[in-house]
Amino acid sequence: MGAMAAPASTPQRIGLVVWPGVALTALAGVVDALHAANQVLDEPLYEPVLLAVQGRQVPVAGGVLLAARPLVDAPPLDLVLVLCDGPLRL
């Protein structure tokens with residue numbers, strides 16, 4: 001087994017672009033994995049940032065409105081993931 005890398009001094013900001021209609025389970029899976037990594041190493045390695053393509057709310061599956069930061073106002077990010085169901089249509 002290889003040695004684990006030393007923790008970063010500042011958390012990695014992970015932008016999660018939440019596409020309208022995405023299942024909440026898709027979002028929860030990613031956020032839970034990042035949270036688990038932080039807990040296992042007892043270090044805030046990852047900071048998820050929820051982002052909306054338009055506005056400050058995203059309608060997700062089941063009709064729930066999710067609060068998110070507008071994509072245009074995103075802070076500097078280390079990684080961006082787009083969470084969507086099915087083919088992405090722009």
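If you check Pro76 against the conditions, is it closer than 13 Å to Pro11 by Cα and in contact with a strand residue (DSSP E or B) (Cβ under 9 Å, 6 or more places away or on another chain)? In short, yes. Could you please find all residues in the stretch 37-79 being of a type in the set (S, T, N, Q), under 15 Å from Leu16 (Cα atoms) and loosely packed, with under 14 Cβ neighbours inside 10 Å? Residue satisfying the conditions is Gln54 alone. Among the residues making up the stretch 57-75, those that are modelled with pLDDT of 95 or more and part of a loop (DSSP other than H, G, I, E, B) are Ala68, Ala74, Pro75.
Residues are listed down the side, and each one gets a yes or a no for (1) more than 15 Å from the chain's Cα centre (by Cα); (2) part of a loop (DSSP other than H, G, I, E, B):
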site: Ala28; (1), (2): no, no
site: Asp42; (1), (2): yes, yes
site: Gly55; (1), (2): yes, yes
site: Leu77; (1), (2): no, yes
site: Val80; (1), (2): no, no
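The set of residues from the stretch 39-63 being over 17 Å from Leu24 (Cα atoms) and touching a residue at least 24 places away in the same chain (Cβ under 8 Å) comprises Leu41, Glu43, Pro44, Leu45, Tyr46, Glu47.
Per the conditions (1) more than 12 Å from Pro11 (Cβ to Cβ); (2) surrounded by 15 or more Cβ atoms within 10 Å (Cβ to Cβ), the sole criterion not satisfied by Asp85 is (2).
The values are calculated or read from the model by the stated rules, or taken from the named source; none is laboratory data. Note that the structure is predicted; figures quoted are calculated from it, not measured. Neighbour counts run over all protein chains shown; Cβ positions are idealised from the backbone, glycine included.
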